[in-house]
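Below is one structure, written out as structure tokens, with a few remarks after it.
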Amino acid sequence: MKATPKIEMLVDALNPVEESVSVITYMLSLHPGKEIEILQQIDQKIGDTLATLQSSAESVVKQEDETP
């Protein structure tokens, strides 16, 4: 059975944007030549999540507007 390489990182949860960027930057450095593919996949996942969150937020606002 082949071992899967693992990396453990400690991140500051109070700085989510900066820490996320640091993790992504580090992971990209481990996969030279695949940076664009990786970033495109991350972009897709973020876009999907953002669309879901925005749709949910719009539904809540609409429900609040309809409540007497």
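Using a simple spin-label model with pseudo-atoms 7 Å out from Cα toward Cβ, Met27 and Val61 lie 3.0 nm apart.
How much length would be gained if the chain were fully extended between Asn15 and Asp43, taking 0.36 nm per residue of separation minus their Cα-Cα distance, in nm to one decimal? That pair, Asn15 and Asp43, stretches by 8.1 nm at full extension. The angle between the Cα long axis of helix 16-29 and the main principal axis of the chain comes to about 30°, on a 0 to 90 degree scale. Between the helical axis of 35-66 and the longest alpha-carbon principal axis of the chain there is an angle of about 20 degrees.
Non-local lysine pairs in the chain, meaning eight or more places apart or on different chains, with alpha-carbon distances under 24 Å, amount to 4.
Near Ser56, within a Cβ-to-Cβ distance under 14 Å, what is the net charge of the other residues, with Lys and Arg +1 and Asp and Glu -1? So the environment of Ser56 carries a net charge of -2.
Bear in mind that the values in this text are calculations on the coordinates, not laboratory data. This one's a predicted model, so the numbers in the text were calculated from it and none came from an experiment. Counting neighbours? That spans all protein chains shown, and the Cβs are built from the backbone with ideal geometry, glycine included.
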